[in-house]
Amino acid sequence: METLVEGAVAESLRSGHDEAVRLYVAACAERMAPLFVGLRAGVPGREADLDLYVESVRDLWYADRPLAHAAERVGLLGRVSKVDLGG
């Protein structure tokens, strides 16, 4: 069952406004931060993963600025996930 809020969010994302999409992604990524950080807490050699995550989420919130090295960050974050999954 779709709620009024879900419909409004879906419509805003479909409308193609880059700022709305970016802020939505930032909010989702920030909500995942406890899980991401928890998976790396105390794991030697994973500090760079934490830094990358924090910097990436921070930069998403600055919707009025271009994303520096966005494609590179996506690739790096993808590799972090594959390492965790044993890939």
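Does Y24 meet the test of being of a type in the set (S, T, Y), in a helix (DSSP H, G or I) and open to solvent by 50 Å² or more (accessible area, probe 1.4 Å)? It is true that Y24 is of a type in the set (S, T, Y), in a helix (DSSP H, G or I) and open to solvent by 50 Å² or more (accessible area, probe 1.4 Å).
Annotation note: Cβ proximity below 9 Å between a residue of region 61-75 that is farther than 17 Å from L23 by Cα and at pLDDT 85 or above and a residue that is of a type in the set (S, T, N, Q) and loosely packed, with under 11 Cβ neighbours inside 10 Å (sequence gap 6+ or interchain) occurs for no pair.
The values are calculated or read from the model by the stated rules, or taken from the named source; none is laboratory data. Computed from a predicted model, the values in this text were never measured in an experiment. Quick reminder, even Gly has a Cβ in these numbers, built from the backbone with ideal geometry, and neighbours come from all protein chains shown. Accessible surface areas use protein heavy atoms only, side chains included; no ligands, DNA or RNA. Shrake-Rupley method; radii C 1.70, N 1.55, O 1.52, S 1.80 Å.
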